[in-house]
C-alpha cells in the first residue's frame, strides 16, 4: 500500500451514533485530536427513529435524525475530524493499530474507540420497510408511548420480546404477541409473566405476512402455520423484537466477543482484551440499548483512551 494512503492519528473513533459522537466531543476536549469515520449509517439507529422523547434536555422531544445532527455539529465544533467512510478491515496485532477505510485508505492509530453499534434484525417484508417509523418499530421502549391506549402487535419469542410485550401491556389496550413456533425461547419466568398478563394475547405458530396501511400501520396480516388459516389483526403499531446484530464482524479475529457477537468489555470500563482498543455503545451493550446509555459509554471510552495514552506517554 502506498504511503500516501496512510495517515497516522492519536485517536480513531469508528462509528457515529450517540456513543461515537460523544466520544468525539470528550476526546476533542482532551486534545486527542480524534478522527471519526461515520460508517455505513451516519448517526446510527437514531436516524431511522422519528420522535425521541426520552433523551434528557429536549423538553419538547426531538426527531432522531435532528438529534444526531446536533451531536455531529457539537463534535465538529470541539474540533473532531468527522469523515464519511466505512472501516472494512483491522489489524490489532501491534501498535500503532491499523484500520482500513473502504478497503483503500489506511489509518494508523495509537488508540481506537469502536462505536459501530448494532442493527435491528427485521422480518424482511417490503411493507415493514415502507412503514418503518409510521407504526413499525424495533424498539418498544422508545416508541410504545406513542400508542398509549391502542392495540399493538409484537413479533418475537425471546426474553427481549417478552420484556417488550410486558412493557407495552402497561400502556396499550391489547398486545397481540406473534410467535413463529409453538413455543417461546424466553426464560420460563418471562413466559409465565407474559401468559399471566390479561391484555397480552399470544398467537402460536404464527407467521407475519404483511403490514397493512397506506401512510401508517393499520393492521397486520398473519398466517397460522399449522392450519394455514390467515387473519387480519387491526393494530396501530407493530414492534419487531427478533433481536439485534452487533456490528462487530471485522473485529472478531482480534477482540473477545460473546456468543451473540457483542464485544466484551472489562466491567466498569470500556476496555477490551487489547490495550488501547475501547468499545462503547450498542456494539458492547445488549441490555440497555438506549441513546443516553450509549452516549454515557462514549464519554467513558474517551476518558479511558485519554488515560491510556497519558500512561503510555503518547499524549
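The values are calculated or read from the model by the stated rules, or taken from the named source; none is laboratory data. These numbers come from a predicted model, not from an experiment. Cβ: placed from backbone, ideal geometry, glycine included. Neighbour counts: every protein chain shown.
Within the set 252, 271, the sole residue that is over 17 Å from the mean Cα position of the chain (by Cα) and closer than 20 Å to residue 101 by Cβ turns out to be 252.
Determine, yes or no, whether residue 167 is out of contact with any helix residue (DSSP H, G or I) (no Cβ under 9 Å at 6 or more places or on another chain) and surrounded by fewer than 22 Cβ atoms within 10 Å (Cβ to Cβ). Answer is no for this residue. Scanning segment 283-297 for any residue that is free of Cβ contacts under 8 Å to residues at least 24 places away in the same chain, surrounded by fewer than 19 Cβ atoms within 10 Å (Cβ to Cβ) and within 16 Å of residue 20 (Cα to Cα) turns up at least one such residue. Listed by position, the strands (runs of 3 or more DSSP E) contained in segment 178-271 that have at least 3 residues being more than 30 Å from residue 40 (Cβ to Cβ) and not assigned by TED's automatic domain parsing to the domain that holds residue 286 are 200-203, 219-224, 230-234.
Listed residues 64, 43; which is in the same structural domain as residue 248 (by TED's automatic domain parsing), touching a helix residue (DSSP H, G or I) at 6+ places or on another chain (Cβ under 7 Å) and at positive phi? The match here is 43. All conditions but one from (1) over 29 Å from residue 47 (Cβ atoms); (2) touching a strand residue (DSSP E or B) at 6+ places or on another chain (Cβ under 6 Å); (3) modelled with pLDDT under 95 apply to residue 140; the one that does not is (1).
Among the residues that make up segment 238-246, is at least one of them without any contact (Cβ under 8 Å) to a residue 40 or more places away in the chain and either over 22 Å from the mean Cα position of the chain (by Cα) or closer than 27 Å to residue 58 by Cβ (or both)? Taking every residue of segment 238-246 in turn, none turns out to be without any contact (Cβ under 8 Å) to a residue 40 or more places away in the chain and either over 22 Å from the mean Cα position of the chain (by Cα) or closer than 27 Å to residue 58 by Cβ (or both). If you go through segment 235-281 and pick out every residue that is more than 30 Å from residue 151 (Cα to Cα) and touching a helix residue (DSSP H, G or I) at 6+ places or on another chain (Cβ under 8 Å), you end up with 16. Looking across segment 1-35 at every residue that is part of a strand (DSSP E or B) and within 18 Å of the chain's Cα centre (by Cα), the one that is surrounded by the most Cβ atoms within 10 Å (Cβ to Cβ) is identified as 13.
Could you tell me which residue of segment 43-79 is nearest to residue 22 (Cα to Cα), considering only residues that are in contact with a strand residue (DSSP E or B) (Cβ under 6 Å, 6 or more places away or on another chain) and either free of Cβ contacts under 8 Å to residues at least 60 places away in the same chain or exposed (fewer than 14 other Cβ atoms within 10 Å of the Cβ) (or both)? Filtering segment 43-79 for residues that are in contact with a strand residue (DSSP E or B) (Cβ under 6 Å, 6 or more places away or on another chain) and either free of Cβ contacts under 8 Å to residues at least 60 places away in the same chain or exposed (fewer than 14 other Cβ atoms within 10 Å of the Cβ) (or both), the one nearest to residue 22 (Cα to Cα) comes out as 76.
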